[in-house]
Amino acid sequence: MWNLTRATVAISIVTYNSKHIFDVLDNLKKQFAGLPNFRFVIFDNNSNEDYKKHLKEYEDFADITFYPENNGFGFGHNYNLLNASEEYFLVFNPDIMLERETLLGMLDKMENDKSISLLLPKVLNFDGTTQHLIRNRVTVFDYALRFIPFQFIKKLFDKRLTSYECRELPDDRDVDVKMGSGCFMLLRGEDFKEVNGFDERYFMYFEDTDLCLEFNKRRKKVVYTPYAKVVHYYERGAHKNSKLFKIFVQSLYKFFDKWGWKLY
């Protein structure tokens, strides 16, 4: 198991009026308080004043930057991590529940396999069901399928959606994959720096997919492990909020404009 006296880990959280963060931080304090090689770094994207006042109560636990404007998810994590000296970086959403042993096991895995640049856990809903967030391809058609509200169409293309969402990943072994979710990414710090972190052209959405493809391009390993599990308050904001959906579409355009348009 991971040697707590050895390498250091920077755990980066970017937040903007995040409704779950205080429960998340209370859990992290319980799990990691007093462990000096875990450094928590929070970047606030100009939340409201009441929120910032509450967040300041955690300054004894985390290094907190209160930025005067909101430049997005990738900008905040790059601010936290690109000049960090820790060996490992954890990109951590403000709506994730994590147990210490889960992270220790993932760190142990990366120590034993130096070829892994990015390690991804199984992400669960609170009822224990799986959030299928691993991807091995990205096409316009697949994204359109996920947003179509008509269930009969989704049923018609169920096999394609199953393949796209990697629903049949094994539960008994680690798997090399192409892409995973930015809600929880354990990264080798030097590899994150080598690709200059997240592409800040994306305000939100697709920066995690983009990062994985940058690793793929450099033949760096992205690995999914079913043995590590975290719980995610999954809001699916772009499905419910027109402003977030507009941001999603803008990021989608930037992504395909950069990596090439794959329609099907």
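Select from the range 17-42 the residues that are farther than 14 Å from VAL91 by Cα and not in a helix (DSSP H, G or I) and list them in ascending order.
ASN17, SER18, LYS19, HIS20, ALA33, GLY34, LEU35, PRO36, ASN37
Kindly indicate whether PRO226 is out of contact with any Phe, Trp or Tyr (no Cβ under 9 Å at 6 or more places or on another chain), surrounded by fewer than 19 Cβ atoms within 10 Å (Cβ to Cβ) and either assigned to a loop (DSSP other than H, G, I, E, B) or on the phi > 0 side of the Ramachandran plot (or both).
On the way: out of contact with any Phe, Trp or Tyr (no Cβ under 9 Å at 6 or more places or on another chain): yes; surrounded by fewer than 19 Cβ atoms within 10 Å (Cβ to Cβ): yes; either assigned to a loop (DSSP other than H, G, I, E, B) or on the phi > 0 side of the Ramachandran plot (or both): no.
Answer is no for this residue.
Conditions (1) among the β-branched types (Val, Ile, Thr); (2) touching a Lys or Arg at 6+ places or on another chain (Cβ under 7 Å), marked per residue:
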position	(1), (2)
GLU99	no, no
ILE116	yes, yes
GLN131	no, no
PHE150	no, no
GLU165	no, no
ARG173	no, no
ASP176	no, yes
LEU186	no, no
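Mind listing whichever residues of the range 61-92 are within 12 Å of LEU28 (Cβ to Cβ) and either buried (at least 19 other Cβ atoms within 10 Å of the Cβ) or among the aliphatic types (A, V, I, L, M) (or both)?
ALA62, LEU90, PHE92
Every residue in the range 168-189 that is among the hydrophobic types (A, V, I, L, M, F, W, C) and either surrounded by 18 or more Cβ atoms within 10 Å (Cβ to Cβ) or closer than 30 Å to ASN241 by Cβ (or both), please. First the steps, then the outcome.
Applying the first criterion (among the hydrophobic types (A, V, I, L, M, F, W, C)) to the range 168-189 yields 169, 175, 177, 179, 183-187.
Those that are among the hydrophobic types (A, V, I, L, M, F, W, C) and either surrounded by 18 or more Cβ atoms within 10 Å (Cβ to Cβ) or closer than 30 Å to ASN241 by Cβ (or both): LEU169, VAL177, MET179, CYS183, PHE184, MET185, LEU186, LEU187.
Return the pairs, sorted by first residue and then second, in which the second residue is at pLDDT 95 or above and among the β-branched types (Val, Ile, Thr), the first residue lies in the range 231-258 and is more than 30 Å from THR102 (Cα to Cα), the beta carbons are less than 7 Å apart, and the residues are 6+ apart or on different chains.
Close Cβ pairs (under 7 Å, with a partner that is at pLDDT 95 or above and among the β-branched types (Val, Ile, Thr)) amount to PHE255/THR209.
Would you be able to say whether some residue in the range 178-200 is among the hydrophobic types (A, V, I, L, M, F, W, C), farther than 21 Å from THR102 by Cα and without any contact (Cβ under 8 Å) to a residue 40 or more places away in the chain?
Applying the first criterion (among the hydrophobic types (A, V, I, L, M, F, W, C)) to the range 178-200 yields 179, 183-187, 192, 195, 198.
Applying the additional criterion that residues be farther than 21 Å from THR102 by Cα yields 192, 195, 198.
Of the ones still in play, those that are also without any contact (Cβ under 8 Å) to a residue 40 or more places away in the chain are 195.
Yes; the residues of the range 178-200 include at least one that is among the hydrophobic types (A, V, I, L, M, F, W, C), farther than 21 Å from THR102 by Cα and without any contact (Cβ under 8 Å) to a residue 40 or more places away in the chain.
Would you tally the residues in the range 249-264 being over 14 Å from ASP210 (Cα atoms), surrounded by 12 or more Cβ atoms within 10 Å (Cβ to Cβ) and touching a helix residue (DSSP H, G or I) at 6+ places or on another chain (Cβ under 8 Å)?
Selection size over the range 249-264: 1.
Being of a type in the set (Lys, Arg) and touching a helix residue (DSSP H, G or I) at 6+ places or on another chain (Cβ under 9 Å): is that true of ARG39 here? First the steps, then the outcome.
Details: of a type in the set (Lys, Arg): yes; touching a helix residue (DSSP H, G or I) at 6+ places or on another chain (Cβ under 9 Å): no.
So ARG39 fails the test.
In the range 190-206, how many are closer than 21 Å to LYS109 by Cα and buried (at least 21 other Cβ atoms within 10 Å of the Cβ)?
Going residue by residue through the range 190-206, those that are closer than 21 Å to LYS109 by Cα are 190-193.
Applying the additional criterion that residues be buried (at least 21 other Cβ atoms within 10 Å of the Cβ) yields 192.
Looking only at that region, the number is 1.
Those residues that are charged (D, E, K, R) and crowded, with 16+ Cβ neighbours inside 10 Å, I need them from the range 27-60; list them, please. Explain how you work it out, then say what you get.
Of the residues in the range 27-60, the ones charged (D, E, K, R) are 29-30, 39, 44, 49-50, 52-53, 56-57, 59-60.
Matches in the range 27-60: ARG39, ASP44.
Considering only the range 188-223, state which residues are in contact with a Ser or Thr (Cβ under 7 Å, 6 or more places away or on another chain) and part of a helix (DSSP H, G or I).
ASP191, ASP208, PHE215
All but one of (1) surrounded by fewer than 21 Cβ atoms within 10 Å (Cβ to Cβ); (2) more than 15 Å from LEU103 (Cβ to Cβ) hold for ALA7, so report the exception by its number.
(2) is the only condition that ALA7 fails.
Identify, please: which residue in the range 73-97 is touching a residue at least 24 places away in the same chain (Cβ under 8 Å) and in a loop (DSSP other than H, G, I, E, B) and is, among those, nearest to the chain's Cα centre (by Cα)? Give the derivation first.
So the first thing to find is which residues in the range 73-97 are touching a residue at least 24 places away in the same chain (Cβ under 8 Å), and the list is 73-82, 84-97.
Narrowing the set further to residues that are in a loop (DSSP other than H, G, I, E, B) leaves 82, 84-87, 93-95.
Numbers: LEU82: 16, ALA84: 18, SER85: 20, GLU86: 18, GLU87: 18, ASN93: 6, PRO94: 10, ASP95: 11 Å.
The residue in question is ASN93.
I'd like the residue in the range 127-168 that is acidic (Asp, Glu) and in a loop (DSSP other than H, G, I, E, B) and, out of all such residues, is nearest to the chain's Cα centre (by Cα).
To start, the set of residues in the range 127-168 that are acidic (Asp, Glu) comprises 127, 142, 158, 165, 168.
Still in the list and also in a loop (DSSP other than H, G, I, E, B): 127, 165, 168.
On the way: ASP127: 20, GLU165: 16, GLU168: 21 Å.
Filtering first and then ranking leaves GLU165.
Does LYS221 meet the test of being at pLDDT 95 or above and over 17 Å from the mean Cα position of the chain (by Cα)?
Values: at pLDDT 95 or above: yes; over 17 Å from the mean Cα position of the chain (by Cα): no.
No: the conditions fail for LYS221.
Please go through the range 138-164 and pick out each residue that is buried (at least 19 other Cβ atoms within 10 Å of the Cβ) and under 18 Å from TYR234 (Cβ atoms).
The one that is buried (at least 19 other Cβ atoms within 10 Å of the Cβ) and under 18 Å from TYR234 (Cβ atoms): TYR164.
The values are calculated or read from the model by the stated rules, or taken from the named source; none is laboratory data. As the structure is a prediction and not an experimental result, all values here were calculated from the model. When we count neighbours, we look across all protein chains shown, and the Cβ atoms used for this are built from the backbone with ideal geometry, even at glycine.
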